[in-house]
Structure formats: structure tokens, C-alpha cells
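Heads up, the thing below is written out as C-alpha cells.
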Amino acid sequence: MQTERKPIKVLVLRFSSIGDIVLTTPVVRCLKKQLPQGSEVHFLTKNGFTDFLKNNPHISKLYGINKKVSEILPELKNERYDVVIDLHKNIRTLQVKTALKIKSHTFKKLNIEKWIYVNFKWNLLPNTHIVDRYFEAVKPLGVINDNKGLDYFIPKNEEISITHLPENFKNGFIAFTVGAKFASKSMPSNKIISLCQKMPLPVVLLGGKEDGAKAEKISSACRNAVYNACGKYNLNGSASILKLSQLVVAHDTGLMHIAAAFNKKIISIWGSTVPQFGMYPYVPQTSDNIFIAEVNHLSCRPCSKIGFDTCPKKHFRCMMQQNEDEIVSVVNRFLSK
């Protein structure tokens, strides 16, 4: 006679950043749906990232910290968790696991392999997306990937209506995420201007306040064909714009992963980092609606696993040599489907 499995309480750890946290959502969903009924999935992150997780129905309780995990440890201890799922694997998560003194599972971060790839250009990385590596951490619990992709839930009161956009955008537009945390992961303004001027639909520029000056330069050069929405909306508002768009052009950023959560057609532009790190757009099945735009066969690439403020070689060929005509051709092909 099979013993009935008892509900358990799980704590998932991922402190940053936006894209990485969005990439944990399939694990959270599968934990909630595949563990015994009544099980709870709690999530610990930084306070700056709690807003876009608060509407996730698969998270039973959300915890946030400002800087130190010691702020929250007393509350976590009172929860009496059965297991910790560590999807960050750093000093902070080690502190949490040490303090809670319970069973924990994590994943292979592959930092040594990434270092070898960056410094020697030897690619020893497995051809595996980080989402699938995250699932290694929940395998001991009998939880498997349901292959339903990423989740992103926008609170109703934070959704942006198409009426917020200029009149000529209401029949369709392309969303372009212009910024990136590091400049070496983002096309320069002049390159984006040239690309936007060739687009078959008007373009909405998305990014944070820090991208505002760059976006203003682009929108001024393209006049009514480009709308600068950088810094105008919070993250959920920007996510709404992505959801409304016909297609997304994105750098290696969190907004790219949010677009993938909405199963959008994506042109994914890569500079100093590479998709082989396992952070390319993650979709439920192999998709012909994703195009990776990169300059192959550069001896200097990848030059970093996270990016630089400027190109170390000063030539920035990984972005300057991006094939604009090919990108526009793919945009037209995607829009014709």
C-alpha cells in the first residue's frame, strides 16, 4: 500500500536580478503544482524585486530583505521549513541555509566553465538553459519541468492600456528594450536609430530612468515613429507594453525574459555576453519565433560573463557589426506570420 505524501513547506532563494528571478518561475510553479496538496512555496528575494512577484499565485508567502539576511532570519526560523531550494548559490544563501539548519538543494552554477570560456574562449559549457539547471535543485523532491515556460503576472491595477500610447501606435508596434545593466550588452544610440528607421511598425523604447537620455536621443532622431517610454512606467507597466506589442527587440536583459514569459516573438541581440551561458529567451518548446542576433567568430567574445561599461578592446565590434538588414528581414518575417 502506497504511503500518502504529506504537505511540505519549501523556501526558494533568489535575491536578484529581474531576469534571473523571472527564470525561477517555472520551478516555483512546478513546486506548487506537483508537491502534495497543501504544500507551501515561500520565496526570499531583495525588497526591490518583491513587487513583480507579489501577484504570482504559486507563491504562498513572499519575503524580502534590504541588505542583510539577518534582518529576516528570525521570521524564517519560525516558519519551520522542510527544505530550502537555493537558486542563487552565493554567500547570502549560504548564510540562510546555515542558520536554518535544514535540508537544502541547489544547482550547478558553472562559474569555472564560464571563466574558462571568457578567458580562454574554450566552451566547456553544457548546451543547457539555466532554467533546466534550476530544475536540478528540485529533482530530489520528485518535481520535473512541465515545459510551460516562464510566468509573469501583472496586477490588474498596474496594467497599461493601449490608449496610453500615441494614436499611430494603436494599430500595432514593436517594443525595443534599449538599455542593459552594462553598456557592452547594448547597441549604441546611433545603431539603434538606424535600426528603428528601418522598422515596418512604430517603436516603443523601454528601459529604466537611467536609459532616458539615450532613449530621448533615439526618439528625437526618429520623430513620430518612436515613442520614448523609458522611466515612464514601473516594471509591471513596462511588462504591459511588452505584452501589448506585436514583437520585441531586446538586449540580454530582464525585459527580454519577461517578453519570453508572454511568449512574444523576440529578436534577441547579444554583444559582450553569449547565449551559450544559458540565459537566452526561454520558451516552452523549440520556437521559430526567437532569433538570436550576434556577431560570430570574434576572437574577443565573450569578454565577460556579465558585461562592461565600455568595450575593453575599444572597437565594440560585437554591436557595431550587427547586421541591421538581417534583423529587419527577420522582423518582417515574424510579423507576416
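The values are calculated or read from the model by the stated rules, or taken from the named source; none is laboratory data. A quick note: this is a predicted structure, and the numbers were derived from the prediction, not measured. We place every Cβ from the backbone using ideal geometry, glycine too, and count neighbours over all the protein chains shown.
In the condition set (1) part of a helix (DSSP H, G or I); (2) free of Cβ contacts under 8 Å to residues at least 60 places away in the same chain, Val131 is compliant with all but (2). As a summary of the residue check, Leu76 satisfies the conditions (1) over 25 Å from the mean Cα position of the chain (by Cα); (2) surrounded by fewer than 17 Cβ atoms within 10 Å (Cβ to Cβ) except for the one numbered (2). Among the candidates Ile258, Ile192, Ile241, Ile266, the residue that is in contact (Cβ under 8 Å) with a residue 12 or more places away in the chain, buried (at least 17 other Cβ atoms within 10 Å of the Cβ) and out of contact with any helix residue (DSSP H, G or I) (no Cβ under 7 Å at 6 or more places or on another chain) is uniquely Ile241.
Only residues that are among the acidic types (Asp, Glu) and in contact with a helix residue (DSSP H, G or I) (Cβ under 8 Å, 6 or more places away or on another chain) were counted in the stretch 283-322, giving 2. Listed by position, the helices (runs of 4 or more DSSP H) contained in the stretch 212-296 that have at least 1 residues being under 25 Å from Tyr117 (Cα atoms) are 254-261. The residues on offer are Gly19, Gly64, and the sole one that is surrounded by 15 or more Cβ atoms within 10 Å (Cβ to Cβ), part of a strand (DSSP E or B), of a type in the set (Gly, Ala, Ser) and not assigned by TED's automatic domain parsing to the domain that holds Ala180 is Gly64.
Confirm whether Ser329 is assigned to a helix (DSSP H, G or I), buried (at least 19 other Cβ atoms within 10 Å of the Cβ) and in the same structural domain as Ala180 (by TED's automatic domain parsing). Spelling it out, it is not the case that Ser329 is assigned to a helix (DSSP H, G or I), buried (at least 19 other Cβ atoms within 10 Å of the Cβ) and in the same structural domain as Ala180 (by TED's automatic domain parsing).
In the stretch 274-285 there is at least one residue that is closer than 25 Å to Ala215 by Cβ, touching a residue at least 40 places away in the same chain (Cβ under 8 Å) and not assigned by TED's automatic domain parsing to the domain that holds Ser16. Taking the criterion of being touching a residue at least 40 places away in the same chain (Cβ under 8 Å), part of a helix (DSSP H, G or I) and under 29 Å from Ile59 (Cβ atoms), no residue of the stretch 163-181 qualifies.
In this entry, Gly231 passes the filter for residues that are under 21 Å from Glu159 (Cα atoms) and modelled with pLDDT under 95. From the list Val96, Val10, the lone residue that is buried (at least 19 other Cβ atoms within 10 Å of the Cβ), of a type outside the set (Phe, Trp, Tyr) and not in a helix (DSSP H, G or I) is Val10.
Cβ separations smaller than 8 Å between residues 6+ apart or across chains give the following pairs from the stretch 205-228 residues that are under 20 Å from Lys181 (Cβ atoms) and modelled with pLDDT of 95 or more to residues that are surrounded by 16 or more Cβ atoms within 10 Å (Cβ to Cβ) and among the acidic types (Asp, Glu): Leu205/Asp211. Candidates are the residues of the stretch 271-318 that are in contact with a Pro (Cβ under 7 Å, 6 or more places away or on another chain) and within 22 Å of Phe334 (Cα to Cα); the one that is surrounded by the most Cβ atoms within 10 Å (Cβ to Cβ) is Ile290. Scanning the stretch 25-58 for residues that are part of a loop (DSSP other than H, G, I, E, B), closer than 17 Å to Ala261 by Cα and in contact with a strand residue (DSSP E or B) (Cβ under 7 Å, 6 or more places away or on another chain) turns up Leu53, Lys54, His58. Close contacts from the stretch 55-75, counting a first residue that is more than 20 Å from Ile102 (Cβ to Cβ) and a second that is hydrophobic (A, V, I, L, M, F, W, C) and part of a helix (DSSP H, G or I), with Cβ to Cβ under 7 Å and a gap of 6+ residues or different chains, come to Asn56/Val28; His58/Val28.
Within the stretch 172-189, the set of residues being surrounded by fewer than 20 Cβ atoms within 10 Å (Cβ to Cβ) and over 20 Å from Ser245 (Cα atoms) comprises Lys181, Phe182, Ala183, Pro188, Ser189.
Say whether the condition of being under 20 Å from Leu335 (Cα atoms) and β-branched (Val, Ile, Thr) is met by at least one residue in the stretch 200-219. Yes, the stretch 200-219 has at least one match.
With respect to the conditions (1) within 22 Å of Pro200 (Cα to Cα); (2) out of contact with any Gly (no Cβ under 8 Å at 6 or more places or on another chain), Ser304 falls short on a single one, namely (1).
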